[in-house]
Amino acid sequence: QLQFVESGGGLVQPGGSLRLSCAASGFTFSMYSMSWYRQAPGNERELVAIITPTGSPNYAESVKGRFTISRDNAKNTVYLHMNSLKPEDTAVYYCSVYHIGRRYWGQGTQVTVSS
């Protein structure tokens, strides 16, 4: 079955950086777009970034110029590089794939931006 192992979250000061990783298995990773979503307390889950199988990215307006999504198809891994972090970036971050008619989610990794 599809599985995701996310890592890289933590506590960081405003203006700091983090890199999230998501190692995927159970499907042909190189053939699918991969996404990062986030959900803050009391908010709906929102799309942060998506990357196509060939590496073309798209971003939510709120993170453009600060976050970079990338992938390594040889390692079945997608990354989210987060720079210039703000308190409003605090959330649980999930990697995700839409595979054969349904969306699958990782377990999530907490990112907290606070001084």
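The values are calculated or read from the model by the stated rules, or taken from the named source; none is laboratory data. Model, not experiment: these values are computed from the prediction. Every residue, glycine as well, gets a Cβ built from its backbone with ideal geometry; the counts of neighbours run over all protein chains shown. Keep in mind that these areas ignore ligands, DNA and RNA; they rest on the heavy atoms of the full protein, side chains included. Shrake-Rupley method; radii C 1.70, N 1.55, O 1.52, S 1.80 Å.
Does residue 4 qualify as being of a type in the set (A, V, I, L, M, F, W, C) and in a loop (DSSP other than H, G, I, E, B)?
no
Exactly one of these conditions fails for residue 85: (1) within 12 Å of the chain's Cα centre (by Cα); (2) crowded, with 21+ Cβ neighbours inside 10 Å. Give me its number.
Tallying (1) within 12 Å of the chain's Cα centre (by Cα); (2) crowded, with 21+ Cβ neighbours inside 10 Å, residue 85 fails exactly one: (1).
Could you list, in sequence order, all residues of the range 46-69 that are open to solvent by less than 30 Å² (accessible area, probe 1.4 Å) and either outside any loop (DSSP other than H, G, I, E, B) or among the charged types (D, E, K, R) (or both)?
Selection gives 48, 49, 51, 66, 67, 69.
Name the residues in the range 73-82 that are over 14 Å from residue 14 (Cα atoms) and surrounded by 13 or more Cβ atoms within 10 Å (Cβ to Cβ), would you?
73, 76, 77, 78, 79, 80, 81
Which residue pairs have Cβ atoms closer than 9 Å, lie 6 or more positions apart in sequence or on different chains, and pair a first residue in the range 94-115 that is within 25 Å of residue 84 (Cα to Cα) with a second residue that is of a type in the set (Lys, Arg) and open to solvent by 30 Å² or more (accessible area, probe 1.4 Å)?
Going by the 9 Å Cβ cut-off, the qualifying pairs are 94/45; 96/103; 113/86.
Does residue 17 qualify as being polar (S, T, N, Q), open to solvent by 40 Å² or more (accessible area, probe 1.4 Å) and at pLDDT 95 or above?
On the way: polar (S, T, N, Q): yes; open to solvent by 40 Å² or more (accessible area, probe 1.4 Å): yes; at pLDDT 95 or above: yes.
So residue 17 fits the description; yes.
If you scan the range 20-44, which residues turn out to be surrounded by 14 or more Cβ atoms within 10 Å (Cβ to Cβ) and assigned to a strand (DSSP E or B)? Outline the logic, then answer.
In the first step, residues of the range 20-44 are kept if they are surrounded by 14 or more Cβ atoms within 10 Å (Cβ to Cβ); the result is 20-24, 27, 29, 32-40.
Correct list: 20, 21, 22, 23, 24, 34, 35, 36, 37, 38, 39.
The rows are residues; the columns are (1) aliphatic (A, V, I, L, M); (2) touching a helix residue (DSSP H, G or I) at 6+ places or on another chain (Cβ under 7 Å); (3) more than 16 Å from residue 2 (Cα to Cα).
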| position | (1), (2), (3) |
| --- | --- |
| 20 | yes, no, yes |
| 32 | no, no, no |
| 45 | no, no, yes |
| 60 | yes, no, yes |
| 74 | yes, no, yes |
| 92 | yes, no, yes |
| 95 | no, no, no |
| 101 | no, no, no |
| 114 | no, yes, yes |
